[in-house]
């Protein structure tokens, strides 16, 4: 690979990204994610004091108390992942799966964040907690990308085999072919 080829590939990648970011569904998904995050923050302000009163009544079970407090401090992220899951399920039922790719990635990353932070708070050994946290993030970073499987990735950046990501249509198939909805 020479320098000119690397520049051409970089420009093609950037062009594909800007095409993807300019689609209305990308903007809709960003708006949905921002609205759900704000809603989760507001709902957590109401839910957390209610649950905290119940958590304070746990006596004689320090392990259970540690888990409950770790979950309690992440109420906003728990609600955010639940809201994202509901939105993703609803949108997948009414539109093409490729129009929910950003929501899917946000859900997977939010779940990874929730899992890693709660796990690192529950485990007392710092080395084990950090190691498991790193392993969770590595898994999350590698999980959303599934090369060669266009049904799992509607983004122009996933590898679609010979078609290439940027050459694929908006619904993730080469030539812009239509995907059937599977319910």
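The values are calculated or read from the model by the stated rules, or taken from the named source; none is laboratory data. This is a predicted model, so every value here is computed, not measured. Heads up, the Cβs are rebuilt from the backbone with ideal geometry, glycines too, and the neighbour counts pull from every protein chain shown.
Worth a mention:
- Tallying residues that are assigned to a helix (DSSP H, G or I) and over 22 Å from residue 33 (Cβ atoms) within the stretch 110-124 yields 4.
- Flag for residue 44 being modelled with pLDDT of 90 or more, surrounded by 13 or more Cβ atoms within 10 Å (Cβ to Cβ), assigned to a helix (DSSP H, G or I) and more than 18 Å from the chain's Cα centre (by Cα): yes
- Which listed residue is assigned to a helix (DSSP H, G or I), over 25 Å from the mean Cα position of the chain (by Cα) and either at pLDDT below 85 or within 20 Å of residue 87 (Cβ to Cβ) (or both), from 29, 54: 54
- Subset tally (residues that are at pLDDT 90 or above and surrounded by 14 or more Cβ atoms within 10 Å (Cβ to Cβ)) for the stretch 80-98: 10
- Considering (1) touching a helix residue (DSSP H, G or I) at 6+ places or on another chain (Cβ under 7 Å); (2) loosely packed, with under 12 Cβ neighbours inside 10 Å, the lone condition that residue 20 does not fulfil carries the number (2).
- Only one entry in 107, 64, 127, 135 is part of a helix (DSSP H, G or I) and either touching a helix residue (DSSP H, G or I) at 6+ places or on another chain (Cβ under 6 Å) or surrounded by 13 or more Cβ atoms within 10 Å (Cβ to Cβ) (or both), namely 107.
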